[in-house]
1. Since residue 179 meets every condition but one in (1) closer than 30 Å to residue 24 by Cβ; (2) surrounded by fewer than 20 Cβ atoms within 10 Å (Cβ to Cβ), which condition does it not meet?
2. Name the residue, out of 253, 282, that is under 29 Å from the mean Cα position of the chain (by Cα) and in a strand (DSSP E or B).
3. Tally up the residues in segment 158-176 that are surrounded by 13 or more Cβ atoms within 10 Å (Cβ to Cβ) and in contact with a strand residue (DSSP E or B) (Cβ under 9 Å, 6 or more places away or on another chain), please.
4. Looking at the structure I just gave you, is residue 267 farther than 21 Å from residue 93 by Cβ and either surrounded by 14 or more Cβ atoms within 10 Å (Cβ to Cβ) or more than 22 Å from the chain's Cα centre (by Cα) (or both)?
5. Could you pull out the residue among 113, 150 that is in contact (Cβ under 8 Å) with a residue 12 or more places away in the chain, surrounded by 18 or more Cβ atoms within 10 Å (Cβ to Cβ) and either in contact with a helix residue (DSSP H, G or I) (Cβ under 7 Å, 6 or more places away or on another chain) or on the phi > 0 side of the Ramachandran plot (or both)?
6. Output yes when any residue across segment 299-315 is surrounded by 12 or more Cβ atoms within 10 Å (Cβ to Cβ), at positive phi and assigned by TED's automatic domain parsing to the domain that holds residue 217, and no when none is.
7. When residues of segment 6-20 are filtered for being in a strand (DSSP E or B) and surrounded by fewer than 19 Cβ atoms within 10 Å (Cβ to Cβ), how many remain?
C-alpha cells in the first residue's frame, strides 16, 4: 500500500452532517504505514462522538479493501477549524448602499465557479439581512459540534453558512448592536470548517461601517467585487466602496452593474429602466474591470423567490465566472 492509495480510498468516506469527504474537509492529518499496519490520524473538528466512531469504522472498511491491507488504527486529535481551512481565494462582494443586488451577484458568482468545476463556498456576512439561504432553497441547520461548525451543502454542492440557518425561524429579527455583529463574523471566520475550497465568496452587508471592516480585517481577502446599479448617485456610491477597500489595503478585482437593462424579446430591444448604463464609464474611473452587466430578468427573480437560483441558465452566468477567474489571475 502507498499513502496515495490510502488517501484515494478515503475520498469515499463521507462526513454525514456535511455530505463531504474527510479528505475534502481536510480532516486527514497523518498517515503512517509500517508492516501492513496503517495508523490514521484524523481531526475531530466539527464531529460529535457518534460521527467519530462511524467515520473510524468507514475508514477501516475503505482501507481494508486495498491490496495487502492489514491492521488499521484510527485516532483523533483536536485542531481549530481555522487551521484546517485551505482556501485558494476569498472574494468579498460589497456595495456602497443596500438593495443593489450583492447577494444575487454573490450567488451567481459561486454558481458560475461551481459549474466550472471549482469547489466553492458562500459566507453570508449580512448578519441582519441574510438572503443567501432563501435564494438557494436552504433551510436545514448546519451540523457540527463545539469544536467546529459544518456548512450546509446546496443542491449543486456549494457550501453555505448564514446566521439564518442557525435561527429557529428565518423571519426572526436580530436586533443587535455592532460589536455583537462583529463577534459573530469573527466566529464564522474561526469556527466554520470549510476544509479545502478553491473559492470562498463572502456576501457583505451594505455600506462601509463595522461589519464590512470586520470582514476585511478577519479574512485574508484575495479581492473585492463592487456591485452597483445605473443611477445618478452611482459614481459617489461606488467610490465610497472602492475607497474603503483600498484603505484596508485590499484589491478591487472588478465591478458589476446590476439591473443594467430589461431585454424585451418581442421587440428585440434593451430598455434602460433605471437610467443609462454607466458600467464602462465607472470601470475606467475606478481603474477596475467591468466583470458583468446583469439585466433585469423576471425569470431570475422568480427562481430566487422559489429558492432555485442554481437552475438559472444564461450565458451571463458563465461569463461572470470567466471574468472573475481572469481578474483574480491578473
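The values are calculated or read from the model by the stated rules, or taken from the named source; none is laboratory data. The model shown is predicted, which means the values in this text are computed figures rather than measured ones. Positions of Cβ are backbone-derived with ideal geometry, glycine not excepted, and every protein chain shown enters the neighbour counts.
1. So residue 179 meets the others, but not (1).
2. Answer to the selection: 253.
3. So the count comes out to 8.
4. yes
5. Answer to the check: 113.
6. Yes, because at least one residue in segment 299-315 is surrounded by 12 or more Cβ atoms within 10 Å (Cβ to Cβ), at positive phi and assigned by TED's automatic domain parsing to the domain that holds residue 217.
7. Matching residues across segment 6-20 total 1.
Listed here are the residues, each with its yes/no results for (1) surrounded by fewer than 17 Cβ atoms within 10 Å (Cβ to Cβ); (2) under 25 Å from residue 186 (Cβ atoms).
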site	(1), (2)
25	no, yes
39	yes, no
42	no, no
45	no, yes
49	yes, no
52	yes, no
64	yes, no
76	no, no
